[in-house]
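A short worksheet on the structure shown next.
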Amino acid sequence: MDFFFCFGTALWLGVLTSISPCPLATNIAAMSYIGRRVDRPVYVLWTGLFYTAGRALTYFALGSLIVSSFLNTPQLSFFLQKYIHMFVGPLLVVVGMFLLELLSLNIGSSGLSQWVQKRAESWGFWGAGALGIVFALSFCPVSAALFFGSLIPLAIQYDSGLLLPSIYGIGTALPVVLFAVLIALGAHSISKAFNQITKVEWWARSITGGILILIGIYLTLQNILV
Amino acid sequence: MNSKKIITIILLVFVVGSVGAMIYKELQPGQTDPDAITADISTENVPQNQIIAYYFHGNQRCPTCMNIEAYTKESLETNFKEPLDSGRVVWQPINIDEAANRHFITDFELEMKLVVLADIKDGKQIQWKKLDQVWPLSGDKPGFLEYIKVETEEYLKESV
């Protein structure tokens, strides 16, 4: 009974974090990134899983370090809220530029270039995982209150510094991944019906790049001007 | 030069410039915010025995954070007008992103932005309490106002 209560509470706290207004900008960025390959729903699903794993792994690491008292929680909490948040904006602009092909990895040797092309697909997954890690670390006041104020005390009380933070991480990714997959499936069905998959994929990628750049500029200006 | 190159250059300049601006901003000594208190709690021009209700916030103010601050202030002003006027209870919002205020993070073991009641006797802080229910109650204004009232009343009774 206790196990299910803790499991459910951790998951619910994660979902609450995800649907609260303060991480809205980064959630839209994540949804756009995960759902951009509307031509391949399985790819979208895998990207979503990597994004979820990135978030779960981050909270797993943070939770285990905090519960085992290796880290000074107050200092860590404010460090993450202040500094990681500062660099998410510029990072999103750069990721958006890659998606729009404004930036590309120009590698002279043709052999290396082919190697890069071959791995571009798996890099998309790893990119989602990395995005999950960065977004999980960029705490806003609400997510800091839910993670440090509610989840960590629960994990300490039940001596579960590994499982509960991971479940919380899955909870924070669930709504984002669910929406991304639904949007991608919807776009895939429509584009298939109209035989326009390639065109729709190009549009989806371009719109994603544009959204990431706009959100990146917004978050950057928010940090500089405040 | 085509438009794609121009956009690329503009965005790269924005990225590099903004990272530089943030680093520069961070390295600057803290600017003085007229509302921010940077002095230590034991000052000479206030009554020696008092309850200080701190609200700790950062530069970024989310809607929930502003509600927490506004509700706390409202509850104190409604329920503790006389102690506030006499200086027995003090309302003190503090920006912990200011360098001079960062010590409060370790002083009160703050993990998040919240309200703390501190009991000052003879100019010395003898105890303090974090009101961490302000976050769960932030969506319930009547419950929040009552919570601040009850906690402050209890603290006032204890510190007589």
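Just a few scattered comments:
- Label positions at B:Arg88 and B:Glu158, each projected 7 Å from the Cα along the C-beta direction, are separated by 1.8 nm.
- Against chain A, whose longest principal axis comes from its Cα atoms, helix A:85-99 is set at around 20 degrees.
- Orientation-averaged projected area, Cα convex hull of the protein assembly as shown (nm²): 24.0
- Cα-based helix-to-principal-axis angle, A:2-19 vs chain A, degrees rounded to 10: 50
- When the charge dipole of the protein assembly as shown is built from unit charges on Cβ atoms (+1 for Lys and Arg, -1 for Asp and Glu) and taken about the Cα centre, the candidate among A:Phe3, B:Gly143, A:Val38 whose Cα reaches farthest toward its positive end is A:Val38.
- Working from label points 7 Å from Cα in the Cα-to-Cβ sense, the B:Ala99 to B:Asn49 distance is 3.9 nm.
- Size estimate for chain A follows the Kirkwood approach: the inverse of mean 1/r over distinct Cα pairs works out to 18.4 Å.
- Whole-Å distance, taken between Cα centres, linking segment A:136-184 and segment A:1-41: 8
- 10 Å Cβ shell holding at most 10 others, DSSP loop, chymotrypsin sites (Phe, Trp or Tyr not before Pro): longest site-free stretch of chain A: A:71-193
- The magnitude of the dipole of the protein assembly as shown, with charges of +1 and -1 set on the Cβ of Lys/Arg and Asp/Glu and taken from the Cα centre, is near 2020 debye.
- Applying 0.36 nm per residue to the separation of B:Ala21 and B:Lys5 and subtracting their alpha-carbon distance, the gain on full extension is 3.4 nm.
- Assigned charges on the beta-carbon of Lys, Arg, Asp, Glu; chain A dipole about Cα centre (debye): 480
- DSSP beta bridge pairing in the protein assembly as shown, given as percent antiparallel to the nearest 5: 65
- Spatial extent of segment A:138-226: Rg and Dmax, with the Cα atoms as the point set, Å: 19.0, 55
- In the protein assembly as shown, taking the dipole from charged Cβ atoms about the Cα centre, the farthest positive-side position among B:Gly20, B:Leu110, A:Thr208 is held by A:Thr208.
- Against chain B, whose longest principal axis is taken from its Cα atoms, helix B:3-27 shows a tilt of about 30°.
All of the numbers you see were taken from the coordinates with simple rules; none came from a lab. None of these values were measured; they are calculated from a predicted model. When we count neighbours, we look across all protein chains shown, and the Cβ atoms used for this are built from the backbone with ideal geometry, even at glycine.
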